[in-house]
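Worksheet: the structure to be examined is printed underneath.
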Amino acid sequence: MDKFGLKITLMSRLFFFLFPFSFFLAACSYLPEEQAIPDVISIYEYRDYIEINPTSNRYSKTGLVFYPGGLVDPHAYIEPLSYLAIAGKGHKVVIVKMPGNLALLDANRGAWIYDDFPDVRQWVIAGHSLGGVMACSTVEKNPDYFEGIILMASYPQSSTDLSGWNGSVLSLRGQLDGLVDSLTVASCETRLPVPCHINRREDFPTDTFPKTVYFTIPGGNHSQFGNYGTQQGDGVATISRQEQYAEVSSLILKFLIINKWEYDK
């Protein structure tokens, strides 16, 4: 095959791979807006990730690995995730930098986190939008690396099956999300552990059996899981960014506590 033919073939394969995620890629890269960073957290910038810690350097032995949304600058998630970094016993949060700001180009980039943070005993992986899609793919390929998954306006792709995975999932969606609708999320339930729908934080199941807890954030939307402005096609939120950040952090903390992952000794 000549070089021209090879180029066409590769471009065709890339098109068919990207097409299912086209709604995630409907805009150019989103940059972070002005952020209010609490003075009680420390931020460390590295080539492959951004590390967030409480300034006390005391935190739970369960850390969070985070995959940004498609074409969203990873720095746009520092303020939202800082809420979790100081919640409860505190948490080490690692925002993974993706090539071209697309997690699908290196879905397993978060699987080596163990090596850099030996003081963290276990990890939960989270992702927003396309980042959540690829976080599911990472867990499917490395099922023993992570205790849980947190999906923010996201779901597993059709080729990913985690229905038999021995972990728990928290699936969050904003009520006014204009990009990921509830029917799409519901259609993917069979690819995740047993579904459990709740309407209030108080309704969280108290057992630790593998399951997927679904919660819709009243007044929330797609873009406010990060801090990069309003994404084209998204609904208009009726709660503030800070209110959505606080709600997400509270739900994640509850998820960690229920699964007995919130400890520091």
Q: Look through region 104-124, keep the residues that are of a type in the set (D, E, K, R) and assigned to a loop (DSSP other than H, G, I, E, B), and return whichever of them is nearest to Tyr44 (Cα to Cα).
A: Asp119
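Taking Ala111 as the residue in question, decide whether it is under 24 Å from Leu253 (Cβ atoms) and out of contact with any Lys or Arg (no Cβ under 6 Å at 6 or more places or on another chain).
Values: under 24 Å from Leu253 (Cβ atoms): no; out of contact with any Lys or Arg (no Cβ under 6 Å at 6 or more places or on another chain): yes.
Considered against the rule, which asks whether it is under 24 Å from Leu253 (Cβ atoms) and out of contact with any Lys or Arg (no Cβ under 6 Å at 6 or more places or on another chain), Ala111 comes out as no.
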Q.
Need pairs with beta-carbon distance below 7 Å; first residue among the basic types (Lys, Arg) and within region 186-203, second assigned to a helix (DSSP H, G or I); sequence gap 6+ or separate chains.
A. Arg201/Ser250; Arg201/Leu251; Arg201/Lys254
Q. Given Val93, Val139, which one is over 17 Å from Tyr59 (Cα atoms) and under 17 Å from the mean Cα position of the chain (by Cα)?
A. Val139
Q) Is it fair to say Ser223 is in contact with a Lys or Arg (Cβ under 9 Å, 6 or more places away or on another chain) and without any contact (Cβ under 8 Å) to a residue 24 or more places away in the chain? A) yes
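Looking for something small (Gly, Ala, Ser) and under 21 Å from His75 (Cα atoms) - is there at least one such residue anywhere in region 230-246?
Here is the first cut: in region 230-246, the ones small (Gly, Ala, Ser) are 233, 235, 237, 240, 246.
Going one step further and asking which of them are under 21 Å from His75 (Cα atoms), we end up with 240, 246.
The answer is yes; a qualifying residue exists.
Could you check region 111-135 and list, in sequence order, the residues that are of a type in the set (S, T, N, Q) and buried (at least 24 other Cβ atoms within 10 Å of the Cβ)?
Taking region 111-135 as the starting set, the residues that turn out to be of a type in the set (S, T, N, Q) are 122, 129.
Result: Ser129, single match.
Which residues, counting only those in region 53-71, are part of a strand (DSSP E or B) and within 16 Å of Ile252 (Cα to Cα)? Please lay out each step first, then the result.
Taking region 53-71 and keeping what is part of a strand (DSSP E or B), we get 53-54, 62-67.
Residues satisfying the conditions are Thr62, Gly63, Leu64, Val65, Phe66, Tyr67.
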Q.
Just the residues that are closer than 16 Å to Val72 by Cβ, in contact (Cβ under 8 Å) with a residue 40 or more places away in the chain and in a loop (DSSP other than H, G, I, E, B), please, taken from region 88-101.
A. Lys97
Q: Kindly indicate which of Ile37, Ile78 is closer than 25 Å to Glu243 by Cβ and at pLDDT 95 or above.
A: Ile78
**Q.** Output for region 230-265, where each listed residue is of a type in the set (Gly, Ala, Ser) and closer than 16 Å to Leu81 by Cα
**A.** Ser240, Ala246, Ser249, Ser250
Q. Which residues, counting only those in region 141-188, are surrounded by 19 or more Cβ atoms within 10 Å (Cβ to Cβ) and of a type in the set (Lys, Arg)?
A. Arg173
**Q.** strands (runs of 3 or more DSSP E) wholly inside region 165-265 containing at least 1 residues that are within 30 Å of Asn53 (Cβ to Cβ) and modelled with pLDDT of 95 or more
**A.** 168-174, 212-217
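The values are calculated or read from the model by the stated rules, or taken from the named source; none is laboratory data. Fair warning: this is a prediction, and the values are worked out from it, not measured in the lab. Quick reminder, even Gly has a Cβ in these numbers, built from the backbone with ideal geometry, and neighbours come from all protein chains shown.
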